[in-house]
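Have a look at the structure below, then the notes.
Please treat every number below as a calculation from the coordinates, not as lab data. Not measured: the values here are computed from a predicted model. Don't worry about glycine lacking a Cβ; one is built from the backbone with ideal geometry, like all the others, and counts go over all protein chains shown.
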Amino acid sequence: MNQDRSTPTFVPQRIVSGGQTGVDRAGLEAALALGIEHGGWCPKGRLSEDGSIPSRYELQEMDSPEYPPRTEQNVVDSDATLILYEGKLKGGTLLTQRLAKRHNRDCLCVKIDPKNLDRLREWLAQTRPSVLNVAGPRDSSQPKIEARALEFLLQAFAT
């Protein structure tokens, strides 16, 4: 990682996600840790793979209990989408990328790796999203990805 960053750190005003375990929650936890406004849309009943999404996350419920509608609404309501992953894009993560393209939203797919921090910082500085949608795999498909994604985000937003 380059400690002498030529690109100043850009931090969005708001981070949104769908509240699923994994990368979604890492985005919300990063916002809470850094004092950034957070929110987003989640399925009816605050549905997630581990039960109900914790109430500390300020998410609005969709009318549908399905995941795709909230995924699309979070893409539409954001200036840009950041997809963090390890391995191949699939399922809801791949859907998020396709929806960002369909709705003409900036989207960066980046592997969680310290070598990619500068790439993420440069993209944030260039796109300057006020509202950033953070998405990626859930914990059941990539065990412990939430912790790795949270650490990556905290490093990316460090000033």
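With label points built 7 Å along Cα→Cβ from the Cα atoms of residue 63 and residue 115, find their separation and express it in nm.
4.8
Provide, for q = 0.10, 0.20 Å⁻¹, the log10 of I(q)/I(0) from a solvent-free Debye sum over equal Cα point scatterers in the chain.
-0.30, -1.30
Could you compute the FRET efficiency for residue 76 and residue 37, with r as their C-beta to C-beta distance and R0 at 22 Å, rounded to 0.05? If you can, show how the numbers build up before the last one.
Details: r = 18 Å, r/R0 = 0.82.
So the FRET efficiency works out to roughly 0.75.
If I model a spin label at residue 102 and residue 144 as a point 7 Å from the Cα along the Cα→Cβ vector, what separation in nanometres do I get?
Using points 7 Å along Cα→Cβ, the separation is 3.6 nm.
When the dipole is taken about the Cα centre of the chain, and only Lys, Arg (+1) and Asp, Glu (-1) are charged at their Cβ, what size is it in debye, to the nearest 20?
Dipole magnitude for the chain comes out near 400 debye.
Hey, got a sec? Which GluC sites (Glu not before Pro) in region 66-97 land in a DSSP loop and have at most 12 other Cβ atoms within 10 Å? It would help to have the intermediate numbers written out before the result.
Values: sites: 66, 72, 86; in loops: 66, 86.
The qualifying sites are 66.
Using a simple spin-label model with points 7 Å from Cα along the Cα→Cβ vector, what separation in nm is obtained for residue 128 and residue 159?
The answer from the label model is 1.7 nm.
If you stretched the chain out fully between residue 44 and residue 88, how much longer would it get, using 0.36 nm times the residue separation minus the C-alpha to C-alpha distance?
Full extension of this stretch gives 13.0 nm more.
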